[in-house]
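Computed from the coordinates by the stated procedures, all read-outs in this text should not be read as laboratory data. Remember, predicted model here, so these are calculated numbers, not experimental data. All Cβ positions, glycine included, derive from the backbone under ideal geometry; neighbour counts span all protein chains shown.
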Amino acid sequence: MLLITFLFKRAKYREAVQIFKQMPIQKKRRAVLLNVAGSVFLTGNWFSFIYVMNHVSIKATSLAYMVCPILTTLLAFFLLHEKLSKLQWLAVLLSISGCLLLSYANITDMLFSMVIGFSYACYLISQRENTGFDKFIILSFHIVLSSFILLPFFPAFSGPVPVDEKFYLYIGIIAVFFTIIPLFLNLYALLGMNSSTAGMLLNINPIIAFVLAIMFFHEPISLLQILGYAIIFISVIVFNARQIFRWKQNDLPAL
């Protein structure tokens, strides 16, 4: 990302530096706080996700994608004072009920999922307020600072340097297609929509994974899981009903 920045986005980088220099002291402090906090939340999200996947269960990480939109919507309502219609509150309640069904009889998975979901929800909320800079420059800063946060742990937790070429191929694919591009699109989306909408749309991710698990990998699925995912899918449609069905604002009174 630094290479791309200095090769193709030098003008945007210089513009970001100039904007920061011209800010009053209070806004400078706020910009630094939002970007440092964003890096910390992003690092916490990655660490908790990888830890839970390796030491708890894959199901718990999947459930985190369900919990995250709920937490994002609630944080946006209480911290950013984003208005929600009665129909959108109904969607939140539906999503909560779907998550409870999926976590039935396994409270541990739900607790770990909430840690993962909360860290990414905090990232989205903080970056909703982080405006005025190019989003690619912002994301580059977050990932570079995240690297510095993780660097002190390298001597204690690193293993032998991988020699298999497939390792670097997979890391490259994960880094570019499944990390940098989705994060950039997420930040870009926040320019045109509020945090709660961006959060609820994250539910599309596990729904697609669920369909692939059935259709492609032929994994055994219980009736309870089908019901839980169906309720969450309905909650996404209900939450975005105004955009989907072109309903007027008067049809969706805000609370």
Segment 9-24 - phi-based ³J(HN,Hα) in whole Hz, Karplus 6.51/-1.76/1.60, Gly and Pro as x: 10, 5, 5, 5, 5, 5, 5, 5, 5, 5, 4, 5, 5, 7, 6, x
Contact order normalised by residue count of segment 1-132, Cα under 8 Å, 6+ apart, percent: 39
Inter-label distance, nm, simple model (7 Å from Cα along the C-beta direction), Val17/Leu87: 4.9
Computed [θ] at 222 nm, helices only, for the chain once each DSSP H run of length n ≥ 4 contributes -39500 (n - 2.57): -24500 deg cm²/dmol
Net lengthening on full extension, Met215/Gln26 (0.36 nm per residue, minus Cα-Cα): 62.7 nm
Neighbour-count order for Val163, Val238, fewest beta carbons within 10 angstrom listed first: Val163, Val238
Expected-Rg normalisation [2.2 N^0.38 Å, Cα atoms] applied to segment 62-187: 1.31
Net charge of Cβ neighbours under 14 Å - reference Val32; Lys, Arg +1; Asp, Glu -1: +4
Cα Rg, Dmax (largest Cα-Cα span) when computed across segment 113-194, Å: 15.4, 45
Net charge of neighbours whose Cβ lies under 13 Å from the Cβ of Ser62, counting Lys and Arg as +1 and Asp and Glu as -1: -1
Length released on extending from Ile58 to Ile107, taking residue separation times 0.36 nm less the Cα-Cα span: 16.2 nm
Rounded to the nearest 20 debye, dipole of the chain from Cβ charges on Lys, Arg, Asp, Glu: 1060
DSSP loop trypsin sites (Lys or Arg not before Pro) with at most 10 other Cβ within 10 Å excluded, longest remaining stretch of the chain: 1-245
Cα→Cβ-extended label distance, 7 Å offset, between Ser147 and Ile173, nm: 2.3
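Under the definition of Cα pairs under 8 Å and six or more residues apart, what whole-number percent is the relative contact order of the chain?
34
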